[in-house]
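Novice: Sharing a structure below in structure tokens format, with a few things to ask.
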Amino acid sequence: MNTIANSDSAYFPSARSLSSQTAEKVRSRAVGPDILRSLAILLVMLVHLPVEATPSMLVGVRNYAWVGVDIFFVLSGFLIGTQLFKEVSRTGSVDLKSFYLRRAIRIFRRSLLFSAFTQSFPCFETPRQCNRSGASRPSL
């Protein structure tokens with residue numbers, strides 16, 4: 001898991017084209033957790049896929065796709081633990097109040113963005129279901 005992200009595409013600029021602070025983040029980002037996160041997402045999607053739509057080569061994997069949720073829990077523990085250990089090595093202790101405050105702000109921003117998006121488009125259902133619920137279908 002020591003592979004480090006390195007890219008020169010337009011979507012993923014290399015560390016040479018970024019500021020020094022941003023470049024340090026790009027250089028220090030391990031790819032392993034991202035690969036595991038991608039695998040977990042695919043496994044969870046496979047569980048929610050209708051059996052009829054499951055490709056034949058993935059039918060056997062589908063029975064064990066619940067492991068994707070476990071991978072998420074393990075990754076969360078690893079990433080949060082890494083943050084806490086870095087703080088201990090940097091300051092000698094953990095300030096739980098500021099740690100939880102940073103986590104809450106990070107989650108709240110995304111939650112607020114998601115809420116604003118879903119309120120902007122109240123009905124993604126079929127028009128018949130949309131009219132029954134009283135919501136109006138947005139015109140795009």
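The values are calculated or read from the model by the stated rules, or taken from the named source; none is laboratory data. Keep in mind it's a predicted model, so treat the numbers as computed, not measured. Methodologically, a virtual Cβ is constructed for each residue, glycine included, from the backbone with ideal geometry; neighbour enumeration extends over all protein chains shown.
Novice: For the stretch 66-87, does any single residue satisfy the condition of being small (G, A, S), closer than 30 Å to R102 by Cβ and over 15 Å from the mean Cα position of the chain (by Cα)?
Specialist: Yes, the stretch 66-87 contains a residue that is small (G, A, S), closer than 30 Å to R102 by Cβ and over 15 Å from the mean Cα position of the chain (by Cα).
Novice: Quick check, is L112 modelled with pLDDT of 90 or more, within 24 Å of P33 (Cα to Cα), part of a helix (DSSP H, G or I) and aliphatic (A, V, I, L, M)?
Specialist: Here the answer is no, as L112 does not meet what is asked.
Novice: Can you pull out the residues in the stretch 60-72 that are assigned to a helix (DSSP H, G or I) and surrounded by 11 or more Cβ atoms within 10 Å (Cβ to Cβ)?
Specialist: Result: V61, R62, V67, G68, V69, D70, I71, F72.
Novice: Still on this structure, I have one more. For the stretch 86-119, how many residues meet the condition of being surrounded by fewer than 10 Cβ atoms within 10 Å (Cβ to Cβ) and among the small types (G, A, S)?
Specialist: Selection size over the stretch 86-119: 4.
Novice: Assess whether P122 counts as being surrounded by 12 or more Cβ atoms within 10 Å (Cβ to Cβ) and modelled with pLDDT under 90.
Specialist: Against the criterion (surrounded by 12 or more Cβ atoms within 10 Å (Cβ to Cβ) and modelled with pLDDT under 90), P122 qualifies.
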